[in-house]
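Report on the following structure.
The values are calculated or read from the model by the stated rules, or taken from the named source; none is laboratory data. In this text the structure is predicted, and so the values were computed from the model without any measurement. Virtual Cβ from ideal backbone geometry, glycine too; neighbours counted across all protein chains shown.
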Amino acid sequence: MNILAIETATSVAAIAISSDEGTEEVEASRDMHHVETLVPCIQDHLRQRSWTMRDLDLIVVDIGPGLFTGLRVGVSAARSFAAALDCAIVGVSSLEVLARQRRQDEDCWSVIDARRGEVFAQHFLGDQAVSDPLVLTPEALGQLAGDQTVLIGDGAQRYRDVFASMGLVVNEDVVTPSPACAIELIKARQLTTGQDLRSIVPMYLRDPDAVANFHVLDRFKS
Amino acid sequence: MTTGKILAIESSCDETAAAVVTRDLRVLSSVVSSQIALHESFGGVVPEIAGRAHLEVMEPVVEAALVQAGASMTQPDIDAVAVTAGPGLIGSLLVGLSAAKALCLAWGVPLIAVNHMEGHLFAAQLENPNVAFPAVTLLVSGGHTEFIEVRGPGHYRLLGATIDDAAGEAYDKVARYVGLGYPGGPAIDRLAQGGNPKALKLPRAMMGDGLDVSFSGLKSAVIRAVDRDDQLELADIAASFQAAAVDVLVAKAMRAVDLVDAKTLVLGGGVAANSELRRRAQEACDEAGIACALPSLAMCTDNAAMIGAAGWHRLAENGPNDLKVGADPSWQLEMEVLT
Ligand SMILES: [Zn+2]
């Protein structure tokens, strides 16, 4: 089975391509250049294998939570690929992919930078999610997390000092979700037959700004 | 290749649109999914809401455009994909551009990045293939008020523009102030039909000089008048405001026509759907003995057919774009500036 995984939930854009021979993971860009680099990166790596898009059987896409503009680039491309190729598509959660990337910690929180002083976070024990995905301040997360846990992800590293001051351990190895791990996760969960294309939308967890700040619009009154 | 087809995609603001346009600029399909209902309660376009909505309807809208043109997502029967790469809301542009790139790679066809403004300038071409040049295009919408000399496809000169609010913005702000909701243009237009355009004494700013216009003073004058007298009839407010706005737009447009000796006046943009502006522009053109190209309402507002038309031109002029092309929310169309 030939699988393409698309990862755009953080400021890093990456892809993984997997076949029976194994999985190759490539970083397309750092610093929010998703729309410029994602599709050209896929093009390059298909070419290197002498594949075309038609050789793909499944598209895996990270649906977040994460940075909205990045997610939209990845999900928009993934949905268009799946529709144009009539190929299966499946969405994965960035927090679940991160949790799978930890090597030995049984108890962990996946933590992704949500900007504006907050993080997206979810608690896992072994392979099981034991909380919903949340959006909260690092301080609030620190109070929620027990001292037996390990925090992983770019949000954990960004607020490393906050967590350290609360006696929490930050994993220094895992930064952003790995598309190769996303493929592993999909295979482990036997989700390779795909989902309804139109159900693949980003997990935002936050209302659009304007909904939260409706009153701000009053300033346009005059 | 004489019968080629372009799939065009537009998502720069609050309409998600796709169209199939032939090389000889026949529109085989044009699908527009409007988000007006989503933004209504906020009195204007909310960028994050727009970005989310584009993502959900992009692929269904593209599919509908292909199906209406007798093709399908897997058998698209097209030669290139044209997409708006700017100007516009970045979170909205990204959705269309990313989808377009993915489709190009999946189908093995070239990508064409189109400037949204150039799309508006081509909208008239789709319905009036015989527009006589030079033409003056008055581009009026919520984001634009520009007088542009068009000497032919790809040859533009900016003659004048608003120095503050766009005309459509003034319509929206006045409408919101008097409680008419969003978008303001159609509501004011409807009400104005039964009102007295001379009920309020309103300024016609900058009528004396140049080709630039200003609408912020007019908007403020309406608001002051409404604050002073709460007995004013809504219809009279609408009619007076509309008369002042249209007076300025038509007078400046005809001054631009004189300046460049234009053979045609073209209206474009959402405000070009305004009935009073259309009536008065036609009247002024008849008087001046030049043609007046009034696009249908569907061609005035944002759509993808106009992006397809501009796409064919860009493909012929510059060839296709690299898949690395980015979105540019403030992409300025290359235009000479009147000095
Ligand atoms: Zn427009």
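Evaluate the following for A:V162: is it within 24 Å of A:V61 (Cβ to Cβ), at pLDDT 95 or above and outside the structural domain of A:I59 (by TED's automatic domain parsing)?
On the way: within 24 Å of A:V61 (Cβ to Cβ): no; at pLDDT 95 or above: yes; outside the structural domain of A:I59 (by TED's automatic domain parsing): yes.
The answer is no for A:V162.
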Query raised in the report: Can A:L141 be described as surrounded by 24 or more Cβ atoms within 10 Å (Cβ to Cβ), over 17 Å from the mean Cα position of the chain (by Cα), more than 13 Å from chain B (Cβ to nearest Cβ) and part of a helix (DSSP H, G or I)?
Result: yes
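Would you pick out the residues in region B:13-31 that are within 23 Å of A:I200 (Cα to Cα) and at pLDDT 95 or above? Walk me through how you get there before you give the answer.
Looking only at region B:13-31, we keep the residues that are within 23 Å of A:I200 (Cα to Cα), and these are B:13-18, B:31.
Listed by number, the residues that qualify are B:T16, B:A17, B:A18, B:V31.
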Report task. Give B:A100, B:A166 a once-over and let me know the one that is within 22 Å of the chain's Cα centre (by Cα), of a type in the set (G, A, S) and modelled with pLDDT under 95. Result -> B:A166
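Would you confirm whether any residue within region A:150-165 is aromatic (F, W, Y) and in contact with a Cys (Cβ under 9 Å, 6 or more places away or on another chain)?
no
Residue-by-condition table, conditions (1) of a type in the set (S, T, N, Q); (2) outside the structural domain of B:G269 (by TED's automatic domain parsing); (3) under 18 Å from the mean Cα position of the chain (by Cα):
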| position | (1), (2), (3) |
| --- | --- |
| B:L25 | no, yes, no |
| B:S30 | yes, yes, yes |
| B:S41 | yes, yes, no |
| B:E48 | no, yes, no |
| B:V57 | no, yes, no |
| B:P60 | no, yes, no |
| B:V67 | no, yes, no |
| B:S72 | yes, yes, no |
| B:V83 | no, yes, yes |
Query raised in the report: Looking only at region B:248-289, which residues are assigned to a loop (DSSP other than H, G, I, E, B) and more than 15 Å from the chain's Cα centre (by Cα)?
Result: B:D261, B:A262, B:K263, B:G289
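Just to be sure, is B:D230 within 16 Å of B:I163 (Cα to Cα), modelled with pLDDT under 95 and out of contact with any helix residue (DSSP H, G or I) (no Cβ under 8 Å at 6 or more places or on another chain)?
Working: within 16 Å of B:I163 (Cα to Cα): no; modelled with pLDDT under 95: yes; out of contact with any helix residue (DSSP H, G or I) (no Cβ under 8 Å at 6 or more places or on another chain): yes.
When the stated conditions are applied, B:D230 does not pass them.
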Query raised in the report: For residues in region A:41-84 being of a type outside the set (V, I, T), under 16 Å from B:V57 (Cα atoms) and under 14 Å from the mean Cα position of the chain (by Cα), which is nearest to the other protein chains (Cβ to nearest Cβ)?
Result: A:R72
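Taking the condition under 24 Å from B:L94 (Cα atoms) and free of Cβ contacts under 8 Å to residues at least 12 places away in the same chain, does A:S80 pass?
Criteria met by A:S80.
So is B:S92 in contact with a helix residue (DSSP H, G or I) (Cβ under 8 Å, 6 or more places away or on another chain) and under 24 Å from B:P329 (Cβ atoms) or not? Explain how you work it out, then say what you get.
Details: in contact with a helix residue (DSSP H, G or I) (Cβ under 8 Å, 6 or more places away or on another chain): yes; under 24 Å from B:P329 (Cβ atoms): yes.
So B:S92 fits the description; yes.
Quick grid of which residues meet (1) within 16 Å of the ligand (Cβ to nearest atom); (2) buried (at least 21 other Cβ atoms within 10 Å of the Cβ); (3) within 12 Å of another protein chain (Cβ to nearest Cβ):
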position	(1), (2), (3)
B:A65	no, yes, no
B:A71	no, no, yes
B:D79	no, no, no
B:G88	yes, yes, no
B:C104	no, yes, yes
B:L126	yes, yes, no
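How many residues does region B:290-304 hold that are assigned to a loop (DSSP other than H, G, I, E, B), within 16 Å of the ligand (Cβ to nearest atom) and modelled with pLDDT under 95?
Initially, region B:290-304 is screened for residues assigned to a loop (DSSP other than H, G, I, E, B), giving B:290, B:294-296, B:301-304.
Now narrow it down to the ones that are within 16 Å of the ligand (Cβ to nearest atom): B:295-296, B:301-304.
Still in the list and also modelled with pLDDT under 95: B:295-296, B:301-302.
Qualifying residue count, region B:290-304: 4.
Out of B:L93, B:L111, I need the residue that is facing another protein chain (nearest Cβ under 10 Å), of a type outside the set (S, T, Y), crowded, with 23+ Cβ neighbours inside 10 Å and within 16 Å of the ligand (Cβ to nearest atom). Which one? Before you say what the answer is, go through the steps one by one.
Numbers: B:L111 fails: within 16 Å of the ligand (Cβ to nearest atom).
B:L93 is the lone residue from the list that is facing another protein chain (nearest Cβ under 10 Å), of a type outside the set (S, T, Y), crowded, with 23+ Cβ neighbours inside 10 Å and within 16 Å of the ligand (Cβ to nearest atom).
Taking B:L105 as the residue in question, decide whether it is aliphatic (A, V, I, L, M) and in contact with a Lys or Arg (Cβ under 6 Å, 6 or more places away or on another chain). So that I can check it myself, show each step before the final result.
Details: aliphatic (A, V, I, L, M): yes; in contact with a Lys or Arg (Cβ under 6 Å, 6 or more places away or on another chain): no.
So B:L105 does not fit the description; no.
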Report task. Could you check B:S41 against (1) in a helix (DSSP H, G or I); (2) crowded, with 21+ Cβ neighbours inside 10 Å and say which number it fails? Result -> (2)
Report summary line: All-but-one check, B:V246 against (1) without any contact (Cβ under 8 Å) to a residue 60 or more places away in the chain; (2) more than 29 Å from B:S34 (Cβ to Cβ); (3) out of contact with any Ser or Thr (no Cβ under 7 Å at 6 or more places or on another chain), failing number (2)
Requested in this report: Any chance you could count how many residues in region B:133-169 are within 16 Å of the ligand (Cβ to nearest atom) and small (G, A, S)?
Outcome: 7
Report summary line: All-but-one check, B:R23 against (1) more than 14 Å from chain A (Cβ to nearest Cβ); (2) crowded, with 24+ Cβ neighbours inside 10 Å; (3) more than 16 Å from the ligand (Cβ to nearest atom), failing number (2)
Query raised in the report: Within region B:316-338, is even one residue among the charged types (D, E, K, R), touching a His at 6+ places or on another chain (Cβ under 9 Å), more than 14 Å from every other protein chain (Cβ to nearest Cβ) and within 16 Å of the ligand (Cβ to nearest atom)?
Result: no
